[in-house]
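For reference, the structure discussed in these notes is given below.
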Amino acid sequence: MPVGIFRVCLVVITAIVNHPLLFPKENGTVPENSKEIIQKMKEREESLRLEQLRLEQEIAEQETTQKALEKAAEVVEESKEEKGHWDMWTALSMVIFLLIELWRQDFQEGNWQDTGGEEDDMAVLGKAFKGVVFPDKAVLATFYEKRILGTTGDMARMREMVEGFADDLLEALRSVCNRDADMEVEDCMGVGSMYENWRVRKPFVCDLIVPFAPPEPYCFRSQTWCSGDSFPPDKQGYGTIEVCRADENVTGCICDKTKLGEDMLCLLHSQTNTTKPTNEMEDLLCFKNSQYLDADQVMKWFQIAVTKAWNRISHKYEFDLSFSLLDSPGALKIKFRSGKSVSFNLTPVVQYENSDVYFISHFPRSSLGGDVPSSTHWFVTFAVYERRFIQLVSKMLPANACHVSCLQILSFLHGKQCSLTGPSGLTNYHLKTVLLHLLQARASQDWAPENLEARLQDMLKYLEKCLHEKKLYHFFIGNMKVPAELGFPIIFQRAEPLNLFRPFVLRREVYRKTVDTFHEMLRNMSALINEYMVHVPLAHTNGIRKESL
């Protein structure tokens, strides 16, 4: 473009210089053929004017082309920026879409409806109770009296027989064990539904736990998931047990944590006094090459010891004793010559410090729970405190309170439904946990016998709410309202609440099966109860009414 401007200026200057007006008439002589010259000059002027127009047109075209190129560059730059913004928004939109899709699938699995946040916690959450035929208090009372109450006497007789035999068996076990090398076995304790008087489903099975301790000079040092060290989520509710010498410093010595030189010795510990993984530790039922107590080794030792003890006293009894279940090492069965049998569980446990919390070597696994991480992780059970809490609360409730009746009826209905449609993720322990929460939440007079129907509905509502939220918290862990009379360890009260329904979040097929079974149980409730009400007067059966909980 500068070259074009220079050319225009040169033409203009040439035209001005050659213009005739620049030469005054007095300074020169006009030729004779002035007309021809003037005509040529006009022609020359016209050609120059045309050339000027052409050059101006070229300049204008070049300017237009330059502007077009600059505009195209700007468009390209803007498109790059817009593309970057578009990529960011596209990624963000995809993430939001995936989150919404996951929430929608999770929401649809339970067939729940959102009823708003203003409703009470015990309000209806979904379709589960709509159209449910719920028996009235007269039918429930008659059903309880005819179907469930009669089993109380059978449970008492069975407990007495099993406890007497277990005491004799453990005494024989102590006599066959080496007191200097084998574990020291203490007296057994009864826990669970049979000893809390709410077991309804047959066959009746007594659960007995047997505390044991290592021989001198060894001791157990336990550590739970809430003791301060980090435990993965799948190990919540578990702990480890270390076998060590009683005279060993709890905090340990630096010589056990650092490598001393070959020419250096610890003044506190000699090489022979240091506890190291050896065959001796394996003899103490520890996991290979470690000091941690192995649950599998303990159960193997216990089974061998029980077998030896039974061989010593079998001549005194007119029945046979055998291990009944392969997947439950502590399950024993007494078989009489008449063909009848009695089953009970005898499970070794380790006491946690000076409390009645125990590490149990084998815990029955339901379809809801996952596999135990390893045999060195022991499940922590609060069964003794649960039994004490129910006994403590029962003393403050009205006479013939309905709390145990509610749990028995709900346990019966759920067990009956599972026998029809198969097992679900719900267990009797979950049902008992619901009752424990309601016993603490409701006033004592609310559990009067005439409130059986209302309290049973409360348990079903609470259970539905927990299934909807996939949250059922352990009653003792993280509960600062546990009565002080129980003497419950404060470390577990200060721990984070333990969600018993956490596996539902990870195992959706089990969750769907559990919710379906719960809905089926509600729909079949009256039919399940009326199946055992053949001899009930018509006046009672006509009392069944439809009610939306």
(message) Among the numbered criteria (1) within 30 Å of Val393 (Cα to Cα); (2) in a loop (DSSP other than H, G, I, E, B); (3) open to solvent by 40 Å² or more (accessible area, probe 1.4 Å), which one does Asp207 miss?
(response) (2)
(message) So the check is Cβ under 6 Å with 6+ separation or different chains; which pairs have a first residue in segment 125-139 that's at pLDDT 70 or above and a second one that's among the acidic types (Asp, Glu) and open to solvent by less than 30 Å² (accessible area, probe 1.4 Å)?
(response) Lys137/Glu453
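Yes/no per residue for (1) closer than 19 Å to Val393 by Cβ; (2) out of contact with any Leu (no Cβ under 6 Å at 6 or more places or on another chain); (3) in a helix (DSSP H, G or I):
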{"position": "Phe475", "(1), (2), (3)": "yes, no, no"}
{"position": "Met480", "(1), (2), (3)": "yes, yes, no"}
{"position": "Pro497", "(1), (2), (3)": "no, yes, no"}
{"position": "Asp516", "(1), (2), (3)": "no, yes, yes"}
{"position": "His519", "(1), (2), (3)": "no, yes, yes"}
{"position": "Leu522", "(1), (2), (3)": "no, yes, yes"}
{"position": "Ile529", "(1), (2), (3)": "no, yes, yes"}
(request) Return yes or no: is Met183 open to solvent by 50 Å² or more (accessible area, probe 1.4 Å), within 22 Å of Trp378 (Cβ to Cβ) and touching a Leu at 6+ places or on another chain (Cβ under 8 Å)? (result) no
(request) Out of Ser355, Ser375, Ser367, Ser324, report the one residue that is at pLDDT below 90 and closer than 27 Å to Pro215 by Cα. (result) Ser375
(request) Report whether or not Glu163 is free of Cβ contacts under 8 Å to residues at least 40 places away in the same chain, in a helix (DSSP H, G or I) and of a type in the set (Asp, Glu). (result) no
(request) Pull up segment 219-246, narrow it to residues that are more than 27 Å from the chain's Cα centre (by Cα) and open to solvent by less than 30 Å² (accessible area, probe 1.4 Å), then point me to the one that is nearest to Asp167 (Cα to Cα). (result) Val243
(request) Have a look at Leu431, Leu522, Leu472, Leu439 and point out the one that is modelled with pLDDT of 95 or more, crowded, with 19+ Cβ neighbours inside 10 Å and touching a strand residue (DSSP E or B) at 6+ places or on another chain (Cβ under 9 Å). (result) Leu472
(message) Take residues that are over 19 Å from Phe501 (Cβ atoms) and free of Cβ contacts under 8 Å to residues at least 24 places away in the same chain and tell me which of the helices (runs of 4 or more DSSP H) falling wholly in segment 367-443 contain 1 or more.
(response) 383-396, 403-421
(message) Condition (residue is farther than 23 Å from Ile313 by Cα, at pLDDT below 95 and out of contact with any His (no Cβ under 9 Å at 6 or more places or on another chain)) applied to segment 156-177: is it met by at least one residue?
(response) yes
(message) Quick check on segment 410-428: of everything there that is open to solvent by 40 Å² or more (accessible area, probe 1.4 Å) and under 24 Å from the mean Cα position of the chain (by Cα), which residue is modelled with the lowest pLDDT?
(response) Pro423
(message) Quick check on this structure: which one of Tyr238, Tyr195 is of a type outside the set (D, E, K, R), within 30 Å of Arg147 (Cα to Cα) and modelled with pLDDT of 90 or more?
(response) Tyr195
(message) Can you tell me how many residues within segment 475-519 are closer than 25 Å to Glu386 by Cα and open to solvent by 40 Å² or more (accessible area, probe 1.4 Å)?
(response) 11
(message) Quick test of your reading of the structure: Pro449 fulfils all but one of (1) modelled with pLDDT under 95; (2) surrounded by fewer than 19 Cβ atoms within 10 Å (Cβ to Cβ); (3) over 24 Å from Ala141 (Cβ atoms). Name the failing condition by number.
(response) (3)
(message) Testing Phe336 on (1) within 18 Å of Phe204 (Cβ to Cβ); (2) surrounded by 13 or more Cβ atoms within 10 Å (Cβ to Cβ), one condition comes back false. Which one is that?
(response) (2)
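The values are calculated or read from the model by the stated rules, or taken from the named source; none is laboratory data. This is a predicted model, so every value here is computed, not measured. Cβ coordinates were reconstructed from backbone atoms using ideal geometry, including for glycine residues, and neighbour counts include every protein chain displayed. Please note that ligands, DNA and RNA were not included when accessible areas were found on the heavy atoms of the full protein model with its side chains. Shrake-Rupley method; radii C 1.70, N 1.55, O 1.52, S 1.80 Å.
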